[in-house]
Amino acid sequence: MSLLPRTAEEFSSAEYWERFFKKRGERAFEWYGDYNKLCGVLHKYIKVQDKVLVVGCGNSELSEQLYDVGYKHLTNIDISETVVAHMNQRNAERRPDLTFHQVDATQTPYEDASFQSALDKGTLDAMASEGEGSLARRMITEVGRILKVGGRYVCVTLAQEAVIKLAVEHFVHMGWAVRLHCLQEERGKEEEDTFALPVFVLVCTKFRQPMPTPILEMCVGDDGAPVRHTQVCELLSAVREYQAYSVLRKRLRTSTDPGSSLSLTLCNAKTGLPRYTLTVQDCPPGAKVPRSNQFAIFIVPRGSETAWLYSSTEGRRQLAASANFRRLVIASMHRNQEYTDMQAVQSELSPVVMDLAPPGMPTNQQVPFLSVGGDLGWREEVSRGVSQLSGEYCVENVRGEDGELYRRLVFLSNISLVQSESRLVPSSTASSHKKKSKKKTKAAVTPSACLSVDSGFLCCAHHEVMVAGLSMLGVGTPQNKDVPVSVLLVGLGGGGLPQFLRDFVPDAAVEVVELDPVVLEVAKEWFGFRPDDRLTVTLGDGLERICFLEKEGGHLFDVIMFDVDNKDSSVGMSCPPAAFVETGVLQKVFNLLTPRGLFILNLVCRNPVLRKDVLERVKSVFPTVLSRKIAEEINEVLLCSREERNAAHILPSLSQAAKNFQSMLSCDRTEPKQRPLIDIAEMIKDLKLE
């Protein structure tokens, strides 16, 4: 590797290339691919009869190969005296009309408009690092001078950001048309010592009159259809995407990594909108995988993208292990995209997926597509809008893998997170409550106008635990009959949790604090949320509301619940915001609770150090803290009692309290008619005393 430049500046210096070619001798060094890789795009833009100036020819065999297939009007120039002498000597007998000249490409002796084409293989890249690009600017200005109208500058480049930006902006300013071809490595040809970056061919065409509107196009391969861009920054962004994809592609084709979940997004070629997200999951080393099970694609049903099995690292590993393939690619479909059927999806993905195949897999091997019941799933967007606080959102109906219909609120700034979810039932049968079914069946799609939210069904397991936590208050016991329960809930969402408390916990009075007025309107319009004298909503900041209430004094609430998400994804805790678990705030919560009071926190924290810190702060304020992790979720619920409870008796006593609470929930009542579906004992059985 001693022939490679040590610095970018050395890469563009004449002295370096003198030393390089003296040491390299007869061995041609094809930096950016050989003739076979480049011939398709070169023949497309350079005609056999064209007079061609080859800029910075080096000792590449490209000019010789072009000459041999009929290009007889090539003028080769290079700054290195050594290489020019060597190339003239090498071609004196076989190619007497192929000439090489020692010429500085920034100041050539040729007349204006004397060539139809200028061919550059890596010279722009070499010059662009010299003098902050001044050398490269002089070179491409000189190219513009010597080309005829209609002539083309064809440049083979690695398209480093500064290099391609310099060239594209220059030619756009001159009013030329600019097109880039991205030449990917052929499938099955990747090797450890090949370039990770793709080779690009920049084609700039000179017009008699400068173009008033820039023509900027990107093509994939020799003959890919051009995609038009309106701004230079868009074209440069496309270049970066292809470079990132090429690096990822090489990594996947030359190695396996069970510990990581690499992903990429495929966009609609016409609209540029995301269409598929592909996540690669490798089997762990030592796994007994049949030799025939090399590679498979799993299609996630629409509406199931946020399920733990498909959205979490642990879930995807479990899915890959059960599929038992060496490599599994998990494909998710995006919103606002049309998908005809499974066959159409397979046809669309088949040309792409072989790029992601594991090392050593033959390119002609069939790749199976896996799915749940051979179905694409169902999703219907029923509303879309924008919140000034939370950004763009959509409300959608989906069919779950259990065959039931659900309504979801999703903020598009974090499409992997379902903000709120409620089960839907036909309006005529909303009161005849159906049980959960584990049987996976296809449900007939019912028009949205005929569907109602099932208020007796909590979709989120952490909401079920939060409700079950009321057992610690003795709700449902004879001694607490007709005793009111006052609840302060920070975070409304779709309103399912507060409505459940109002409808099914006797004598409960709930105040909800919600920061975003748009969320309240969505809850009312799409999730059947109906406030009344027992369920009120205060619009405003939850922390400010707690501070205000605490200043008023008195023990106002039996239960305070935090179920509010964190918009700052960099913290490692997505629920609640960090300010909500500061010691000062926790102390105010403590002060607002009645003597029997209970603080219930939905905690979503991926950072174990941060979780430990939060837990220590909570325990410093509340004498009794129970925790319950949610299976197959990151969520956990903390039940924090204001009272100090006997560690030896608290969990056994909760068992009887849960039975009383369950019995109370299951009683027939005239209003509402349906019975809630929640297993209190199941929700509290895995409680852990912290």
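Within the span defined as the range 621-639, every residue fails to be crowded, with 16+ Cβ neighbours inside 10 Å, among the basic types (K, R) and closer than 22 Å to I546 by Cα. Only one entry in F325, F295 is open to solvent by less than 10 Å² (accessible area, probe 1.4 Å) and of a type in the set (F, W, Y), namely F295.
Of the set (1) within 26 Å of N660 (Cβ to Cβ); (2) open to solvent by less than 10 Å² (accessible area, probe 1.4 Å), all apply to V512 but (1). Considering only the range 276-297, I want to know if a residue exists there that is aliphatic (A, V, I, L, M), out of contact with any Phe, Trp or Tyr (no Cβ under 6 Å at 6 or more places or on another chain) and under 27 Å from K37 (Cα atoms). No: zero hits. Going through (1) surrounded by fewer than 20 Cβ atoms within 10 Å (Cβ to Cβ); (2) under 19 Å from Y45 (Cα atoms); (3) under 39 Å from the mean Cα position of the chain (by Cα) one by one, S134 falls short only on (2).
Candidates are the residues of the range 109-156 that are acidic (D, E) and in a helix (DSSP H, G or I); the one that is farthest from Q65 (Cα to Cα) is E132. Cβ separations smaller than 6 Å between residues 6+ apart or across chains give the following pairs from the range 75-91 residues that are part of a helix (DSSP H, G or I) to residues that are open to solvent by 40 Å² or more (accessible area, probe 1.4 Å): E81/Q102; T82/E18; T82/K22; V84/Q102. Scanning the range 572-589 turns up at least one residue that is out of contact with any Asp or Glu (no Cβ under 9 Å at 6 or more places or on another chain), closer than 30 Å to G456 by Cβ and in contact (Cβ under 8 Å) with a residue 60 or more places away in the chain. Within the range 235-270, the residues that satisfy the criterion of being under 21 Å from H170 (Cα atoms) and open to solvent by less than 70 Å² (accessible area, probe 1.4 Å) are L235, L236, S237, A238, V239. Just to verify a result, which residue in the range 92-110, among those that are free of Cβ contacts under 8 Å to residues at least 40 places away in the same chain and of a type in the set (A, V, I, L, M), is surrounded by the fewest Cβ atoms within 10 Å (Cβ to Cβ)? Of everything passing the filter in the range 92-110, A92 is surrounded by the fewest Cβ atoms within 10 Å (Cβ to Cβ).
Hey, any hits in the range 298-306 for a residue that's over 29 Å from C182 (Cβ atoms) and polar (S, T, N, Q)? Scanning the range 298-306 turns up at least one residue that is over 29 Å from C182 (Cβ atoms) and polar (S, T, N, Q). Residue pairs whose Cβ atoms lie under 8 Å apart, sitting 6 or more positions apart in sequence or on different chains, and linking a residue in the range 459-471 that is of a type in the set (F, W, Y) to a partner that is open to solvent by 10 Å² or more (accessible area, probe 1.4 Å), do not occur here. None of T141, T123 is among the hydroxyl-bearing types (S, T, Y) and open to solvent by 20 Å² or more (accessible area, probe 1.4 Å) except T141. Would you mind stating whether E381 is within 23 Å of the chain's Cα centre (by Cα) and open to solvent by 10 Å² or more (accessible area, probe 1.4 Å)? When the stated conditions are applied, E381 passes them.
Going by what's in this entry, would V178 be described as under 22 Å from G58 (Cβ atoms), of a type in the set (V, I, T) and either in the same structural domain as V55 (by the TED database) or in contact with a Ser or Thr (Cβ under 6 Å, 6 or more places away or on another chain) (or both)? Judged against the criteria, V178 is not a match. The criterion of at least 2 residues that are touching a residue at least 12 places away in the same chain (Cβ under 8 Å) and among the charged types (D, E, K, R) is met by the following strands (runs of 3 or more DSSP E) wholly inside the range 291-393: 379-387. Within the range 228-248, does at least one residue satisfy the condition of being assigned to a strand (DSSP E or B) and in contact (Cβ under 8 Å) with a residue 12 or more places away in the chain? Checking the range 228-248: at least one residue is assigned to a strand (DSSP E or B) and in contact (Cβ under 8 Å) with a residue 12 or more places away in the chain. Scanning the range 44-74 for residues that are on the phi > 0 side of the Ramachandran plot and not in a loop (DSSP other than H, G, I, E, B) yields a count of 0.
For the range 500-509, the condition of being buried (at least 19 other Cβ atoms within 10 Å of the Cβ), at pLDDT below 90 and aliphatic (A, V, I, L, M) holds for at least one residue.
In the range 573-612, the residue that is least open to solvent (accessible area, probe 1.4 Å) out of those that are aromatic (F, W, Y) and closer than 16 Å to V513 by Cβ is F599.
The values are calculated or read from the model by the stated rules, or taken from the named source; none is laboratory data. On a predicted model such as this, the values are computed, not experimentally measured, just so you know. In this analysis, Cβ positions are derived from the backbone assuming ideal geometry, glycine residues included, and neighbour counts consider all displayed protein chains. Quick note on the areas: whole protein, heavy atoms, side chains included, nothing else; ligands and nucleic acids left out. Shrake-Rupley method; radii C 1.70, N 1.55, O 1.52, S 1.80 Å.
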